[in-house]
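The values are calculated or read from the model by the stated rules, or taken from the named source; none is laboratory data. These numbers come from a predicted model, not from an experiment. Counting neighbours? That spans all protein chains shown, and the Cβs are built from the backbone with ideal geometry, glycine included. The protein model used for the area step is the full one, side chains on, heavy atoms only, and it has no ligands, DNA or RNA in it. Shrake-Rupley method; radii C 1.70, N 1.55, O 1.52, S 1.80 Å.
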Amino acid sequence: MEAPWLVGGVLNVILSDEEKYGGPLVYPSEVEDFAHCVDICALYDLGFKGSLYTWWNGRSDIDSIFKRLDRFYKNQQFLDLFPSLEVEHLIKYSSDHAPLMLSCNIDTVQVKKKFKFLNFWTNNESFLKVVKENWEVESMGNLFILFQSKLKKVKTALAAWSKETFGDIFKQIAALEDVIKLYEIEFELNLTTQNRAKLHKVEAVLTRYYHLEEEFWRQKAGMQWFKDGNRNAKFFHAHVRSKRKKLQVSRILDKNDNWLESHEDTARETV
């Protein structure tokens, strides 16, 4: 499915013991088909707020069974349209299932990006020179203040050096891909050695930027265990988006046990 895709409702199946309370044990054979389906379809759980369980068998005491049978999944294309999707499990009323409320148009606060050290910088031959030139500064004073000053200077120098050396790798890739399309057409119309060499030269540059892009997403995804292979940038990007969604704080509980959800209320309570 290449189009934006949202799957949700009473799926009537759980994925693990954590999604069930009471009743007989859950065996792997009961959940593996559903887990395989979700994996093959490249779907991601939207998560939720509220009670863990969305279904109750209506019995009490030791006969009670609770399960999470209702849920929403999305693919990466849908998440790109609505990066702040949120699901809430509402209270059960006149039904053994809890209704699910999906919010799509939640405003997100844009946070100024901080400096981030990129691991692939160290593979560039001029990297150590930049660090050395900006670290070896003659200065007197408190050692801790001096150390902080050096770090700040190196950080500023590396940011400028990265912009000059690599530029925006994502814009560079998009531009190089467009150039290659033109060179391919030119080579097909005129099969000369010069045109072939020109095409291969740009392809080599693009391959280098593809590698940088993959290293960027590998570092951001924090998946050092993933083995080298074909270009995995799309996989890493999806993993990062999923991780970012899980880390997002949408509400907090105040001292009076009230849930605060607006940015103003949560900021005030946090302070």
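Please specify each residue of the stretch 16-59 satisfying the condition of being of a type in the set (Phe, Trp, Tyr) and under 19 Å from LEU85 (Cβ atoms). Walk me through how you get there before you give the answer.
Here is the first cut: in the stretch 16-59, the ones of a type in the set (Phe, Trp, Tyr) are 21, 27, 34, 44, 48, 53, 55-56.
Selection gives TYR44, PHE48.
Is there a residue being over 33 Å from the mean Cα position of the chain (by Cα) and aromatic (Phe, Trp, Tyr) anywhere in the stretch 158-168?
Here is the first cut: in the stretch 158-168, the residues over 33 Å from the mean Cα position of the chain (by Cα) are none.
No, because not a single residue in the stretch 158-168 is over 33 Å from the mean Cα position of the chain (by Cα) and aromatic (Phe, Trp, Tyr).
Quick check on my filter: what residues within the stretch 248-260 are in a loop (DSSP other than H, G, I, E, B) and either farther than 14 Å from PHE48 by Cβ or among the hydrophobic types (A, V, I, L, M, F, W, C) (or both)? It would help to see each step written out before you state the result.
Initial filter on the stretch 248-260 (in a loop (DSSP other than H, G, I, E, B)): 248-251, 254-258.
Those that are in a loop (DSSP other than H, G, I, E, B) and either farther than 14 Å from PHE48 by Cβ or among the hydrophobic types (A, V, I, L, M, F, W, C) (or both): VAL249, ASP254, LYS255, ASN256, ASP257, ASN258.
How many residues does the stretch 80-90 hold that are touching a Phe, Trp or Tyr at 6+ places or on another chain (Cβ under 7 Å) and not charged (D, E, K, R)?
First, the residues of the stretch 80-90 that are touching a Phe, Trp or Tyr at 6+ places or on another chain (Cβ under 7 Å): 87-89.
Restricting the remaining residues to those that are not charged (D, E, K, R) gives 87, 89.
Final tally of qualifying residues: 2.
Looking at this structure, is LEU260 at pLDDT 70 or above and exposed (fewer than 13 other Cβ atoms within 10 Å of the Cβ)? Working first, answer last.
Working: at pLDDT 70 or above: yes; exposed (fewer than 13 other Cβ atoms within 10 Å of the Cβ): no.
Judged against the criteria, LEU260 is not a match.
Can you give me the number of residues within the stretch 73-91 that are within 21 Å of ARG251 (Cβ to Cβ) and touching a Pro at 6+ places or on another chain (Cβ under 6 Å)?
Selection size over the stretch 73-91: 1.
Within the stretch 177-188, identify whether any single residue is open to solvent by less than 50 Å² (accessible area, probe 1.4 Å), touching a Phe, Trp or Tyr at 6+ places or on another chain (Cβ under 7 Å) and part of a helix (DSSP H, G or I), and answer yes or no.
No: the stretch 177-188 contains no residue that is open to solvent by less than 50 Å² (accessible area, probe 1.4 Å), touching a Phe, Trp or Tyr at 6+ places or on another chain (Cβ under 7 Å) and part of a helix (DSSP H, G or I).
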